[in-house]
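**Q** I have a structure I would like to understand better, so I am pasting it below and will then ask my questions one at a time.
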Amino acid sequence: MNKITIKYYTGMTLTCLLAIGMMPIFFAILAVIRTGVLVFDTLSLPYTAMTQYQQSFFRDIISKEEEYQDISKN
């Protein structure tokens with residue numbers, strides 16, 4: 001084997017081993033981020049649902065008042 005072939009295979013082997021060694025670190029980082037997003041979404045769901053209901057409720061109240069005022073004008 002010549003020097004170029006040895007250098008190539010040595011580099012490929014070391015790069016593969018380094019990537020395998022770094023995989024747990026990336027797994028931990030991604031796991032923390034995904035868990036945080038899941039918890040945030042879960043905890044923000046009730047607030048979002050209540051806000052949507054409140055907006056819908058007041059929209060209905062306003063539309064019913066407008067209907068009542070239109071009827072009372074006639």
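**Q** Given the condition open to solvent by 100 Å² or more (accessible area, probe 1.4 Å), polar (S, T, N, Q) and within 31 Å of the chain's Cα centre (by Cα), answer yes or no: does some residue in the stretch 45-55 qualify?
**A** Yes, the stretch 45-55 contains a residue that is open to solvent by 100 Å² or more (accessible area, probe 1.4 Å), polar (S, T, N, Q) and within 31 Å of the chain's Cα centre (by Cα).
**Q** Among the numbered criteria (1) surrounded by fewer than 10 Cβ atoms within 10 Å (Cβ to Cβ); (2) modelled with pLDDT of 95 or more, which one does residue 14 miss?
**A** Only one criterion is unmet by residue 14, namely (1).
**Q** Scan the stretch 1-11 for residues that are part of a helix (DSSP H, G or I) and either open to solvent by 90 Å² or more (accessible area, probe 1.4 Å) or in contact (Cβ under 8 Å) with a residue 60 or more places away in the chain (or both) and jot them down.
**A** Once the filter is applied, which keeps residues that are part of a helix (DSSP H, G or I) and either open to solvent by 90 Å² or more (accessible area, probe 1.4 Å) or in contact (Cβ under 8 Å) with a residue 60 or more places away in the chain (or both), the stretch 1-11 yields 3, 4, 7, 8, 9.
**Q** For residue 71, state whether it is on the phi < 0 side of the Ramachandran plot, open to solvent by less than 100 Å² (accessible area, probe 1.4 Å) and assigned to a helix (DSSP H, G or I).
**A** The answer is no for residue 71.
The values are calculated or read from the model by the stated rules, or taken from the named source; none is laboratory data. Just so we're clear, the structure is a prediction, and the values are computed from it rather than from any experiment. Don't worry about glycine lacking a Cβ; one is built from the backbone with ideal geometry, like all the others, and counts go over all protein chains shown. The protein model used for the area step is the full one, side chains on, heavy atoms only, and it has no ligands, DNA or RNA in it. Shrake-Rupley method; radii C 1.70, N 1.55, O 1.52, S 1.80 Å.
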